[in-house]
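All remarks here apply to the structure that follows.
The values are calculated or read from the model by the stated rules, or taken from the named source; none is laboratory data. This structure is a prediction, so every number in the text was calculated from the model and none was measured. A quick note on method: Cβ atoms are made from the backbone with ideal geometry, for glycine too, and the neighbour counts reach across all protein chains shown.
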Amino acid sequence: MENMFDDTYFMKKALQEAEVAFEKGEIPVGAVIVVDNRIIARSHNLTELLNDVTAHAEMQAITAASNFLGGKYLKDCTLYVTLEPCQMCAGALYWSQISKIVYGARDEERGCINMKTKLHPKTIIEGGVLADDASQLLKRFFIEKRNLN
Ligand SMILES: [Zn+2]
């Protein structure tokens, strides 16, 4: 049997968080942080509810994971996030020294890759895991939002 705890497995968990955000009327982005195949933080975007532009899924996941670990560095952790991190989140991830970032959909406009945000030299970044699911959810959100206005 294959290892069930692969990137797809954890990205599905991040997508579930994104769906919770969707239900709350938040831009649907979700994240989980994993260490040794164990989820230690799960979060979703809450910028509307908290009225706070810094309330991205990744920012909250970093705080929750640090609280869980009792230390500020996330050296052996992997972040799964449904959308490529923005430069704010990539900057916070730099400080966390996280081992690995796995994102779903690319964000050509506001993502850290095209913005050329520097990640920590020890951080590996990979993308494209369940990218279609993540971008479909985002598209559905913006279509519904447009129809409401
Ligand atoms: Zn962000």
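Some notes on this structure:
- Considering Leu93, Leu74, Leu79, the condition of being touching a residue at least 12 places away in the same chain (Cβ under 8 Å), more than 15 Å from Ile40 (Cα to Cα) and buried (at least 20 other Cβ atoms within 10 Å of the Cβ) is satisfied by Leu93 alone.
- When residues of region 40-61 are limited to those that are acidic (Asp, Glu) and surrounded by 13 or more Cβ atoms within 10 Å (Cβ to Cβ), the one nearest to the ligand (Cβ to nearest atom): Glu58
- Considering residues of region 107-116 that are within 16 Å of the chain's Cα centre (by Cα) and within 14 Å of the ligand (Cβ to nearest atom) only, the residue farthest from Ala55 (Cα to Cα): Ile113
- Only one entry of Leu74, Leu93 meets the criterion of being closer than 19 Å to Asp7 by Cβ, more than 9 Å from the ligand (Cβ to nearest atom), at pLDDT 95 or above and in a helix (DSSP H, G or I), and that entry is Leu93.
- Count of residues meeting criterion [at positive phi and within 16 Å of the ligand (Cβ to nearest atom)] in region 14-39: 0
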